[in-house]
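Please treat every number below as a calculation from the coordinates, not as lab data. Keep in mind that this is a model prediction, so the values were computed, not measured. So basically every Cβ, Gly included, is an ideal-geometry build from the backbone, and we count neighbours across all protein chains shown.
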Amino acid sequence: MGRTVTITEKQILDAAREVFLEEGFSVKTTKIAQRAGVSEGTLFKRYATKEALFFAALEIEQNPAWHKQTDELMGNWLGEDGLVSLFVNMLIYFNDVMPRLITTVGSRVGLTPKSFEGLSEDPRKRDIRVLSQFFDNAIRAGYLRQCQTETIAQILIGAAIESTFDTMFEKKQRTPQDYRMQAESILDIVWNGIRSS
């Protein structure tokens, strides 16, 4: 007798995320179960409601990799190259997270306090705060000249979000090289305004 295949939580959430992003909240849970390779009953054993599955599948990461990278860069300052690497990771992050936010906002459940359940703060404000603090630390360390760090953070995050909309509306896949070229182009402009003399 063969062993029963165990479907992991990650496989279920990945399948649910794909289907919700493709079709929105109104999609039937049978379609999600089919994509995940489980029965609809299995979905509801793990998630009490469709809303619970929706929010779990579209959850926003509390500590994205690019946040951690800001600490690493302060310990090993690489100048413009380090900022390009950071911005590439920001572009990748926003390319992943923005469709989740848009789907959540556009669903009948909408963006509610439950959307950010478990997060200590609104992710948009958190991202600006983390990036601003990074620039503040770089200024204190003498790596950058005095500037309005929150404004620089908003410019870079706005550029990352705009890049995501481009990707979504043009329905194109970006390669790592595409991200790098875009990061270099944007940071070339910003770097001249913030670098230490």
(message) At a threshold of 8 angstrom on Cα-Cα distance, excluding pairs fewer than six apart, so keeping six or more, what relative contact order does the chain reach in percent?
(response) 23
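For segment 65-194, what does the alpha-carbon gyration tensor say about shape, rounded, prolate or oblate, given a ≥ b ≥ c as the root eigenvalues, a/c under 1.5 as rounded, and a/b over b/c as prolate? Walk me through the numbers before you get to the answer.
On the way: a/c = 2.25, a/b = 1.41, b/c = 1.59.
Oblate.
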(message) I'd like the FRET efficiency for Glu23 and Gln146, computed as 1/(1 + (r/R0)^6) with the beta carbon distance as r and R0 of 45 Å, rounded to 0.05.
(response) 0.35
(request) Taking DSSP loops as anything outside H, G, I, E and B, show the longest stretch in the chain free of GluC sites (Glu not before Pro) there with at most 15 other beta carbons within 10 Å. (result) 122-197
(message) For a quick check: with amide H placed at 1.01 Å from N, whose amide H comes under 5 Å from Arg195's, ignoring anything fewer than 5 positions away on the same chain?
(response) Arg145
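Per the helix-only calculation at 222 nm, which mean residue ellipticity applies to the chain, given -39500 (n - 2.57) for every DSSP H run of n ≥ 4 and division by its residues, nearest 500 deg cm²/dmol?
Value at 222 nm, helices only: -22500 deg cm²/dmol.
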(request) Compute the acute angle (0 to 90°) between the alpha-carbon long axis of helix 176-194 and the principal axis of greatest extent of the alpha-carbon atoms of the chain; round to the nearest 10°. (result) 40
(request) Grab every C-alpha pair in segment 9-57, bin the distances at 10 angstrom width from 0 up to the longest one, and report whole percents. (result) 31, 66, 3
(request) Please order Thr42, Thr49, Thr103, Thr164 by the number of other Cβ within 10 Å, starting at the fewest. (result) Thr49, Thr42, Thr103, Thr164
